[in-house]
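The values are calculated or read from the model by the stated rules, or taken from the named source; none is laboratory data. Everything numeric in this text was worked out from a predicted model, so none of it was measured. Cβ placement follows ideal geometry from the backbone for every residue including glycine, while neighbour counts extend to all protein chains displayed. Quick note on the areas: whole protein, heavy atoms, side chains included, nothing else; ligands and nucleic acids left out. Shrake-Rupley method; radii C 1.70, N 1.55, O 1.52, S 1.80 Å.
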Amino acid sequence: MKPVILAEKPSQAKAYADAFSVKRHEGYIEILPSPIFPEGAFITWGIGHLVELKEPKAYDPKWNRWSLASLPILPERYEFQVAKGKAKQFTIVKKLIKSTDTVINACDVDREGSNIFYSIYNQTGARGKTIKRLWINSLEVDEVRKGFTNLQNNQKDLLMYEEAKARQISDWLVGMNASRLYSLLLKEQGIQDVFPIGRVQSPTLYLIYQRHMEIENFVSEPFYEIEALFTAEHGSYKGKAKAKEPKREIIRALLAKHDIQPNSPGVITSVVKQDKRIPPPQLHSLSTLQATANRLWKISPADVLKTMQGLYEKKLVTYPRTLSKKYYMDITECYTKVTN
């Protein structure tokens, strides 16, 4: 049987296909026999999340109506369904997976990629298949071929899936319960809007609020330092004393104590020489790239991620959703490619 390769999205599947001779079909790509796949293989894809958690009303009709009496929403078990508008592609994926004995997880190498793969795989109802993991961080042709030659087992991948699934369910629980609770309580106070509450969104919003209040309530306090222009044999330089005081009088008293006048001569009492090595700066992880791009050009984190994802799919950088500082280019090169 030909193995089935499941990619996360069509662009990723196309990048894998570029490493082989292929025939294209609706919803999947056929890899022709090659040294890596002697019998050939099939590449198919999700469209992001083909499978999602069911809505509350699917568990119990009483949860269709927003009311305090129906809370909390706590299903005995969590069920999944094919996402709206994606049934056609899911049917293709399901048919291919059911027809093989080996499935290769070629989704992104992170928790969400693992979650997408196993959510789709489990929803197909397939059982007893051999599952392998493609573990690469670049879509370069040579890296793709190398990755398929050295497929990993799915032990680590399963742990990442369980972690991502727990996060997905916790997001669902917080969103479904807290959003209804706060919206209903505020409605009793005359506020008719819906207030979405999220496991990540709400704490982040509170941190922004705290920072905003710190800025609003900040009271500047003046301080005084001692700074002077020194004239030496080979030029002049500016120097600053290690003193920072809240009142000018304290600075004046300090100058008077040491009898320092505007034209007082100075004596160098000691010279210390040190050899210092400064390593070149590391390349960016996604978080440092987002912070730097925002500081330099006011680009939002979401736009940076979208741009990096596009560059990744064009094989210009390594996988962006990682803490690894192994991008192929620095931020200036990234910006040049985007603006051109």
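At a glance:
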| read-out | value |
| --- | --- |
| Among N105, N64, N153, residue whose mean-square fluctuation peaks in a GNM of the chain (springs only between Cα atoms under 10 Å) | N64 |
| Charge dipole magnitude, Cβ of K and R +1, D and E -1 - the chain, Cα centre, debye nearest 20 | 600 debye |
| Cut-off 15 Å (backbone N to label point 7 Å along Cα→Cβ of N177), residues of the range 185-203 | 197-200 |
| Efficiency of FRET from Cβ geometry, K314 and K9, R₀ 22 Å, rounded to 0.05 | 0.95 |
| Cα-based reach from K146 at 17 Å (exclusive), listing aspartates and glutamates while leaving out same-chain residues under 8 positions away | D18, D108 |
| Residue among H284, H258, L139 farthest towards the positive dipole end of the chain, charges placed on Cβ | L139 |
| DSSP-defined antiparallel bridges as percent of all bridges, the chain, nearest 5 | 65 percent |
| Label-point separation in nm, R248 to N64, each point 7 Å along Cα→Cβ | 7.6 nm |
| Inter-label distance for K98 and V141, nm, one decimal - labels placed 7 Å from Cα along Cα-to-Cβ | 3.7 nm |
| Solvent-accessible ranking of D60, D157, D193, D101, largest area first, probe 1.4 Å | D193, D101, D60, D157 |
| Label-point separation in nm, W297 to V200, each point 7 Å along Cα→Cβ | 2.3 nm |
| Per residue accessible area of the chain, 1.4 Å probe, in Å² | 66 Å² |
| Crossing angle, helix 111-124 versus the chain [Cα axis fit, 0-90 degrees, rounded to tens] | 10 degrees |
| Sulfur and carbon atoms: percent of accessible area, the chain [1.4 Å] | 54 percent |
| Unit charges on C-beta of K, R, D, E only; dipole of the range 174-326, Debye | 720 debye |
| 3J(HN,Hα) from dihedral phi, the range 293-301, Karplus parametrisation 6.51/-1.76/1.60, rounded to Hz, x for glycine, proline | 5, 5, 5, 7, 10, 6, 7, 6, x |
| Highest-MSF residue in the chain out of Q123, Q201, Q12 [GNM, Cα springs under 10 Å] | Q201 |
